[in-house]
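Worksheet: one structure, shown below.
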Amino acid sequence: MESTTLHHVPVRDWEEIELTPPDASADLMRRAREAFDTWRRKSIDERLSLLRALRHLIVDRMDEGMEIISQDTGKPKVEALTSDILTVLDAIRHAEKRAKHALKPRRVRTPISLIGKRSVVTYQPRGVVLVISPWNYPFQLSVVPVIEALAAGNAVILKPSEVTPRVGAWIASLFREAGFPEGVVQVAIGEKDLGARLIEEHPDYIFFTGSVQTGKIIQQEAAKRLIPTTLELGGKDPMIVFADAKLNRAVQGAVWGALTNYGQVCMSVERIYVEEPIYDTFVETLKREVARLRSNGGDETDLGTMTTEMQKEIVRRQVEDAVANGAKLVSGIHPRDWPKSGDLRIQPIILTGVDTRSAVMREETFGPVICVLPFRDEAEAIRAANDSVYGLSASVWTSDIAKARRVAQSLETGSVLINDVVLAIANPYLPFGGVKESGIGRYHGDEGYRIFCHEKSLLIDRG
Ligand code: ADP
C-alpha cells in the first residue's frame, strides 16, 4: 500500500485501517487461547526480552508515534511524547526490573499444625486478558496494562478506542514488529459492539479504562460470567489549597493538573478549594497564568484541543448551565461564542461562584474547565472534597505536612498528592486506581503484575 505523508512524517496505511468485525471475536479468542498455551510456558526472561525489543522499537519510531497520537487526539506532540510514549517506556523498564521479583513464588511460614510441610504461593497467569481502552491517552492506557498482563504470562486481546484508530493500528504494528509470537497480542480495532462481543467470548480477565457509565455495563456483563475485572473510571478530582501553601507552586500545579491534555484526563483537577485568606489572590494568579498559555496549534503550543465534538458538547452543556445558575466566568469564552463544529478549540475556562449542585461540580467535565471555591477551615475542605460520587485522586497543598497527611487520610480517593499535581501519580511504581464510582482494583507497582495472576497455594509434604 502507498504511504501517506502527514505533517512531514510518513504514516503508513493510516487511511485504510481495517476494522475488526464483531463476528471475528470467536476467532480472536481461539487464537489467543492457542497462543496462551505456549506463551505461559516461556520463561519470564523470554517474555521480558520481547518487551525489551518492544521498548527499543518504540524509541526508534518515537517521532512517528508522536505524530500519530497528536493527529488522533489533538494533543501537542510534546504531550504525546511525555504522557503517552515516555510513560509506556517507563512501564516496560519497570517490568524488566520488577516483574520477576513480583511474580516469584513466595514461601509462607505456617503454624505447628502444618509442621514438616512446606507452603509456597505461586503466581499463575489467568489466561486471556481483554483490555478495553479509551481515547484520551490512547497509547499509554492501551499499552501499559498489556505490558503488565504479558509480563505475567497472559495472552492479550486489546480493543482500543474507535476514536483513535490510527494509534490502535500503530500499536498493532509495534507488537508485530517486536516479534511477539502470533496470537499473543491481538489488537482488535472496532466500536463498542466489538468490545461487547469479545466479553461474550469469556476472557479470563477484563481490564477496562473508560467512563463510569460504560464501566457499569462492563461489570454487569462480566458478572454474568463471573469474569474478574479492573475498572479504571472517571474522576472529579479536588485540589485543596491551604493559606500556608506556596502560592505560585500551587497555581502552577493547578494549571498543569487541570489543563494538560485539555483537561481530558480522568485525574484532571476539576475542583479547587482555596482557604479564604488567599482565595482572591489565588484566582487572580491563576487567571494570569492561564492567560500566558499558548494555544496556537503549532509545534510551540502549550494547549491542544478537545478530541471529539461529543466531548465539546458535554463541556458546553455544563458551562452554560453553571453560568445560567449564577457562576462567574473569570476567564475563557462563554459557550454561545465558541467556534462552531469543526473547531475543537474552546479556550480554558475558570469559573467562580459555582452552585455546588450544578453539573459542572457533580459530573466529570473532561475539558479545560476549572471551578474555584473558597473554604473556611480544614473540616469544610474535607467535606467539600468528599462530596462527590467519584474518588480517584486529590491533592493537598500546604507547608504543614502533618496537616496534609491528616487531610489525606480523610479524603475518599485512591491516591492523594501532597504539594504536587495528581498526574505525578501516573507512574509504574505506585499502585493506582479509584474508590467509589472511580473504579475497582489497582494497577502499577508489584501488584500490577499480580492482578493478572491467580495465586495458587502449594502445600508440600516431602514424606
Ligand atoms: P470514553 O472512551 O469516551 O470514555 P467509553 O467509556 O464508552 O467512552 O469507552 C471506552 C472504551 O470502551 C472504548 O474502547 C469503547 O469502544 C468501549 N466500549 C464502549 N461501550 C462498550 C460496551 N458496552 N462493551 C464493551 N466495550 C465498550
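The values are calculated or read from the model by the stated rules, or taken from the named source; none is laboratory data. All values reported here derive from a predicted model rather than from experimental measurement. Using ideal geometry, Cβ is built from the backbone for each residue, glycine included, and neighbour counts are taken over all protein chains shown.
Miscellaneous remarks
- When the residues of segment 329-364 are filtered to those that are among the basic types (Lys, Arg) and within 23 Å of the chain's Cα centre (by Cα), the one that is nearest to MET239 (Cα to Cα) is ARG362.
- Total residues in segment 324-344, condition within 20 Å of ARG271 (Cβ to Cβ) and either in a helix (DSSP H, G or I) or within 16 Å of the ligand (Cβ to nearest atom) (or both): 2
- Meets criteria (part of a loop (DSSP other than H, G, I, E, B), within 10 Å of the ligand (Cβ to nearest atom), of a type outside the set (D, E, K, R) and closer than 30 Å to GLN252 by Cα) for GLY190: no
- Pairs with Cβ under 7 Å, 6+ apart, first in segment 169-195 and under 19 Å from ARG31 (Cα atoms), second of a type in the set (D, E, K, R) and assigned to a helix (DSSP H, G or I): GLY183/ARG31; GLY183/GLU34; GLN186/ARG31
- From the list GLY445, GLY367, the lone residue that is within 22 Å of the chain's Cα centre (by Cα), assigned to a loop (DSSP other than H, G, I, E, B) and crowded, with 23+ Cβ neighbours inside 10 Å is GLY367.
- Scanning segment 370-408 for residues that are within 29 Å of GLU309 (Cβ to Cβ) and either surrounded by 15 or more Cβ atoms within 10 Å (Cβ to Cβ) or without any contact (Cβ under 8 Å) to a residue 40 or more places away in the chain (or both) turns up ILE370, CYS371, VAL372, SER388, TYR390, LEU392, SER393.
- All of LEU430, LEU423, LEU417 fail the test of being of a type in the set (A, V, I, L, M) and part of a loop (DSSP other than H, G, I, E, B), apart from LEU430.
- Given (1) charged (D, E, K, R); (2) in contact with a helix residue (DSSP H, G or I) (Cβ under 9 Å, 6 or more places away or on another chain); (3) assigned to a helix (DSSP H, G or I), number of the condition ARG249 does not satisfy: (2)
Conditions (1) crowded, with 17+ Cβ neighbours inside 10 Å; (2) among the small types (Gly, Ala, Ser); (3) modelled with pLDDT under 95, marked per residue:
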residue: PHE208; (1), (2), (3): yes, no, no
residue: VAL212; (1), (2), (3): yes, no, no
residue: LYS216; (1), (2), (3): no, no, no
residue: GLY234; (1), (2), (3): yes, yes, no
residue: ASN248; (1), (2), (3): no, no, no
residue: GLN264; (1), (2), (3): yes, no, no
residue: TYR279; (1), (2), (3): yes, no, no
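- No other residue among GLU79, GLU46, GLU67 is assigned to a helix (DSSP H, G or I) and either in contact with a Leu (Cβ under 7 Å, 6 or more places away or on another chain) or at positive phi (or both) apart from GLU67.
- Some residue of segment 232-243 being under 27 Å from PRO125 (Cα atoms), touching a helix residue (DSSP H, G or I) at 6+ places or on another chain (Cβ under 8 Å), within 14 Å of the ligand (Cβ to nearest atom) and in contact (Cβ under 8 Å) with a residue 60 or more places away in the chain: yes
- Restricted to segment 160-182, and to residues there that are over 22 Å from THR307 (Cβ atoms) and crowded, with 21+ Cβ neighbours inside 10 Å, the residue that is farthest from the ligand (Cβ to nearest atom) is PHE180.
- Top-ranked residue in segment 303-318 [being aliphatic (A, V, I, L, M) and touching a residue at least 24 places away in the same chain (Cβ under 8 Å); ranked as surrounded by the fewest Cβ atoms within 10 Å (Cβ to Cβ)]: ILE314
- Check on ALA53, small (Gly, Ala, Ser), over 30 Å from LEU293 (Cβ atoms) and either in contact with a Cys (Cβ under 9 Å, 6 or more places away or on another chain) or at pLDDT 95 or above (or both): yes
- Within segment 141-165, the set of residues being of a type in the set (Val, Ile, Thr) and more than 22 Å from ALA26 (Cα to Cα) comprises VAL143, VAL144, ILE147, VAL163, THR164.
- Selection status of ASP321, touching a residue at least 12 places away in the same chain (Cβ under 8 Å), away from the ligand (no atom under 16 Å from the Cβ), outside any loop (DSSP other than H, G, I, E, B) and acidic (Asp, Glu): yes
- Qualifying residue in segment 140-152 (condition: surrounded by fewer than 24 Cβ atoms within 10 Å (Cβ to Cβ) and either over 18 Å from the mean Cα position of the chain (by Cα) or of a type in the set (Gly, Ala, Ser) (or both)): no
- Residues (within 10 Å of the ligand (Cβ to nearest atom) and touching a residue at least 12 places away in the same chain (Cβ under 8 Å)) located in segment 201-216: ILE206, PHE208, THR209, GLY210, SER211, VAL212, THR214, GLY215
- Hits in segment 409-442 (condition: surrounded by 18 or more Cβ atoms within 10 Å (Cβ to Cβ) and among the hydrophobic types (A, V, I, L, M, F, W, C)): LEU411, VAL416, LEU417, VAL421, VAL422, LEU423, ILE425, ALA426, PHE432
- Residues of segment 112-159 satisfying the condition of being more than 14 Å from the ligand (Cβ to nearest atom), of a type in the set (A, V, I, L, M), over 15 Å from PHE180 (Cβ atoms) and touching a Pro at 6+ places or on another chain (Cβ under 9 Å): VAL120, VAL121, VAL144
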